[in-house]
Amino acid sequence: MLTQPGTVAATNPAVIDDADPLAAFSDRSLLIVDDDKPFQTRLARAMESRGYHVQVADSVADGVSAVEARAPAFAVIDMRLGDGNGLDVIARLKERRPEARGVILTGYGNIATAVTAVKLGAFDYLAKPADADEIHGTLMAQPGERADPPENPMSADRVRWEHIQRVYELCSRNVSETARRLNMHRRTLQRILAKRAPR
């Protein structure tokens, strides 16, 4: 479902704090593409309160349509959507508006693909769950600027779990093939896959 732009009143430039880097942008249009409705709604409200003019979409098709209709200056796109991959939206955005700043949100097993997204034109990527402050900071960062270290980086167990999930996805979710490539017993792998992601 696509929400039309213009739902947010134009921000009065006099109200924006001079220290806010968003104030330097005349076009504050932001497209959020995510099929997690509660997260999408919370993020849209939080970004509107920061001065963005938000439009939301919950599928690749709707995201591409929104880009075709009016390519935004900023985009926050979930990697995994019900009808495909968020990379398709990023690629189309970069074709239509090369200077746009797009951030990919990635969940489990997608970090390697997120790096590919950056190569395709995404400004950066963030692991879910990412909060509005983190997303805003990433959208406002200068190209080549080093991001601040995360407050709560992934644990070693989580990094291992991410790697296993990545290989599992690359093997088309074939447990036997994944176990063979990881040099791991099949039952051990099945136990790991059945568990929740470690913190």
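The values are calculated or read from the model by the stated rules, or taken from the named source; none is laboratory data. As the structure is a prediction and not an experimental result, all values here were calculated from the model. No Cβ is skipped: glycine too gets one built from the backbone with ideal geometry, and neighbour counts run over all protein chains shown. The area values use the complete protein model at the heavy-atom level, side chains included, leaving out ligands, DNA and RNA. Shrake-Rupley method; radii C 1.70, N 1.55, O 1.52, S 1.80 Å.
Summary of computed values
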item	result
Test result for V56, in contact with a Ser or Thr (Cβ under 6 Å, 6 or more places away or on another chain), open to solvent by less than 50 Å² (accessible area, probe 1.4 Å) and at pLDDT 95 or above	yes
In segment 19-53, the residues that are assigned to a helix (DSSP H, G or I), over 18 Å from the mean Cα position of the chain (by Cα) and either closer than 23 Å to V64 by Cβ or at pLDDT 90 or above (or both)	S49
Failed item in (1) touching a strand residue (DSSP E or B) at 6+ places or on another chain (Cβ under 8 Å); (2) within 23 Å of Q142 (Cα to Cα); (3) of a type in the set (A, V, I, L, M, F, W, C), with A46 passing the rest	(1)
Enumeration of residues in segment 59-104 that are part of a strand (DSSP E or B) and either open to solvent by less than 20 Å² (accessible area, probe 1.4 Å) or touching a helix residue (DSSP H, G or I) at 6+ places or on another chain (Cβ under 8 Å) (or both)	F74, A75, V76, I77, D78, L81, G84, N85, R101, G102, V103, I104
Residue ID - least open to solvent (accessible area, probe 1.4 Å), chosen from residues in segment 126-154 that are modelled with pLDDT of 85 or more and among the small types (G, A, S)	A132
Residue selected from segment 155-186 under the condition basic (K, R) and at pLDDT 80 or above, by the criterion nearest to K128 (Cα to Cα)	R160
